[in-house]
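Let me begin by presenting the structure, written as structure tokens, before commenting on it.
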Amino acid sequence: MTDGRIGGAYHQVRGLFGSWPGLRLPFRRSATGLAKPSGILKPFGKAERRWYKPGPSWLLVSLLLLFCLIYGFAFAILAPYIVVPFAIPILVVLLLIIWAMPDAAAPARMLNFFFFSFFIGLVIWPNYLSISLPGLPWISVIRLTVFPMTLLLLYCVSVSQEFRDKLGNVVSSIT
């Protein structure tokens, strides 16, 4: 049998290596009459589940594609006029990523640096000395330090149990 099924391929392998001294290949017959070796040529076996069989993951993928289609269409129409609501899914994904971070040491020195630079910029740097790009609000020193400091604070709270305990003790002592 050399028709490419498991039985034919098994007999070919058995014919090639069966004459070696000391080598015994197991031989079983299935209910269909084809030889089923234990562990030889598994990729040629019949798949248990077909790829086109619908399941719960197909529903999730379909809903995701529908959301992306509606999101892209709405962004194409409303982008010049309304931009802020389109940042919500991106922020949700960012918060999920920060939440799913593994436990690690909090980078408190970098958070202290941004906190100190925020107050220096708030007191010393005048607001009218900012970067002014067309179509955007002024990019001041305060904004340049607040956004990384906020993301870093979220990261520290997410990854460090020690940082959460210290922050909880400080907040509870205030009230």
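The values are calculated or read from the model by the stated rules, or taken from the named source; none is laboratory data. Bear in mind that the values here come from a model prediction, so they are computed numbers and not experimental data. Here Cβ is always computed from backbone atoms with ideal geometry, including for glycine, and neighbour counts include all displayed protein chains.
Would you mind stating whether residue 163 is surrounded by fewer than 15 Cβ atoms within 10 Å (Cβ to Cβ) and in a helix (DSSP H, G or I)?
Working: surrounded by fewer than 15 Cβ atoms within 10 Å (Cβ to Cβ): no; in a helix (DSSP H, G or I): yes.
No; evaluated as a whole, the condition is false for this residue.
Please indicate, with yes or no, whether at least one residue in segment 127-140 is of a type in the set (S, T, N, Q) and more than 30 Å from residue 82 (Cβ to Cβ). Outline the logic, then answer.
Pass one, segment 127-140, residues of a type in the set (S, T, N, Q): 127, 130, 132, 140.
Right, trim to more than 30 Å from residue 82 (Cβ to Cβ) and you get none.
Looking for residues that are of a type in the set (S, T, N, Q) and more than 30 Å from residue 82 (Cβ to Cβ), one finds none in segment 127-140, hence no.
Does residue 96 satisfy the condition of being within 21 Å of the chain's Cα centre (by Cα) and farther than 22 Å from residue 147 by Cβ?
Working: within 21 Å of the chain's Cα centre (by Cα): yes; farther than 22 Å from residue 147 by Cβ: no.
So residue 96 fails the test.
Output the residue which, of all residues in segment 120-175 that are farther than 26 Å from residue 104 by Cβ and among the aromatic types (Phe, Trp, Tyr), is nearest to the chain's Cα centre (by Cα).
138
What single numbered condition from (1) modelled with pLDDT under 90; (2) of a type outside the set (Gly, Ala, Ser); (3) part of a helix (DSSP H, G or I) fails to hold for residue 169?
(1)
Which condition breaks for residue 114 when tested against (1) within 30 Å of residue 82 (Cβ to Cβ); (2) surrounded by 11 or more Cβ atoms within 10 Å (Cβ to Cβ)?
(1)
Would you mind finding the one in 71, 81, 52 that is surrounded by 12 or more Cβ atoms within 10 Å (Cβ to Cβ) and either over 30 Å from residue 154 (Cα atoms) or at pLDDT 60 or above (or both)? If you could, list the steps in order and put the result at the bottom.
Values: 81 fails: surrounded by 12 or more Cβ atoms within 10 Å (Cβ to Cβ); 52 fails: surrounded by 12 or more Cβ atoms within 10 Å (Cβ to Cβ).
Result of the check over 71, 81, 52: 71.
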